[in-house]
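See structure below.
The values are calculated or read from the model by the stated rules, or taken from the named source; none is laboratory data. Predicted, not measured: the structure shown is a model, and the values here were computed from it. Using ideal geometry, Cβ is built from the backbone for each residue, glycine included, and neighbour counts are taken over all protein chains shown. In case anyone asks, the SASA skips ligands and DNA or RNA and just uses the protein heavy atoms, side chains included. Shrake-Rupley method; radii C 1.70, N 1.55, O 1.52, S 1.80 Å.
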Amino acid sequence: MELQASLNQAADYIRTAWTMPLIHGTDPTKSFTVGTVAEGIVLLGLAYLGSSIISRWVAGKLLTRFGLNKSGVAPLQSLTFYSLLAMFALVSLSILHVPITAFSFLGGAVAIGAGFGSQNVVNNFISGLILLVERPIRVGDVIELDGMTGTVSMIGARSTKIATGVNHEIIVPNSKLLETSVVNWTLSDDVVGCNVDVGVAYGSPTREVERLLLLAANEHLHVLKEPAADVILADFGADALQFKLRVWVNLRKTRRVQVESDLRFAIDELFADRGIVMSYPQRDVHLNVLRPVEVRIAQPLPHAKAA
């Protein structure tokens, strides 16, 4: 009996705490209680989980049924997630009989502080929506920003993740992608051109140099046959004949920097086999003196030999 009385007393305490009003409304049945807050947290958690599951399911269906690529499905998945989350949040408030006007009292106090403190957050959020709708940058695109090149792995509500070739992830605010100049290598096409500059000494057979450059390009596995590689004699430089080798690669299948490096290795080997010399800076020094320069040849000292 004593245990039963203790349990009943504990239940009364829990019931009293559960129904403790936090905000009193005009109608006593619509007061904002501790239980309402707890139920709201649980419902919002379920709403977040359900929105995530449904959005992933919709993305999977679009991938399999319509054959869309991941870059095209990613914005639809994000928009579906946020739309479902907003809808479930409104349904949760309706289930708890909490009118939206109940939060109006927070407007005056929060608007002033949050208005100044959340400028960047709101700016990045709106920028993220613009990126998802306008799609100047998509998931899977290879972009160059501030001298760094990487692949876009995720476009979130506030920031975008860019994965580099050395397994680094760069977190970039969405607003920066719209406010600064970004090079999108795969915006309209995955095929891009790469240039390799080569300087050879004057007197080298130019047509042989052209043939060897094309041979190095055509033997590379990741250099595309169409468009074909081409070589131009760019300029008669101060120290060398300047050649430019231009090839085309698919950035979805290889890295541009790696292809350019492989071509330089191959060109160096081909030139060495054919005796073609790559140029280096040369300078002629003229001494303007009134009398001949005296040159003396001295024998090395004994301790210098030992050293």
Quiz item: Say a paramagnetic label sat at a point 7 Å from the Cα of ASP239, along Cα to Cβ; which residues of segment 261-291 have their backbone N under 12 Å from it?
Solution: 278-284
Practice problem: Could I have the simple spin-label model distance between THR164 and GLU210, label points 7 Å from Cα toward Cβ, reported in nm to one decimal? | Solution: 4.0
Quiz item: Taking a 1.4 Å probe, which of TRP185, TRP57 shows the most accessible area, and what order do the others take after it?
Solution: TRP57, TRP185
Exercise. Sketch the reach of a paramagnetic label on LEU63 as a point 7 Å from Cα along Cα-to-Cβ, and name the residues of segment 235-256 whose backbone nitrogen lies under 20 Å away.
Key: 252-253
Practice problem: Treating only the Cβ atoms of Lys and Arg (+1) and Asp and Glu (-1) as charged, compute the dipole magnitude of segment 227-277 about its Cα centre; round to the nearest 20 debye. | Solution: 420
Quiz item: Taking 0.36 nm per residue of separation and subtracting the Cα-Cα distance, what length does fully extending VAL37 through VAL285 add?
Solution: 80.7 nm
Quiz item: What is the sum of charges around LEU178, taking Lys and Arg as +1, Asp and Glu as -1, for the other residues whose C-beta is under 15 Å from the C-beta of LEU178?
Solution: 0
Exercise. Assign one of three labels to segment 184-307, namely rounded, prolate or oblate, based on the Cα gyration tensor with a ≥ b ≥ c the square roots of its eigenvalues; rounded applies when a/c is under 1.5, prolate when it is not and a/b is larger than b/c, and oblate otherwise.
Key: prolate
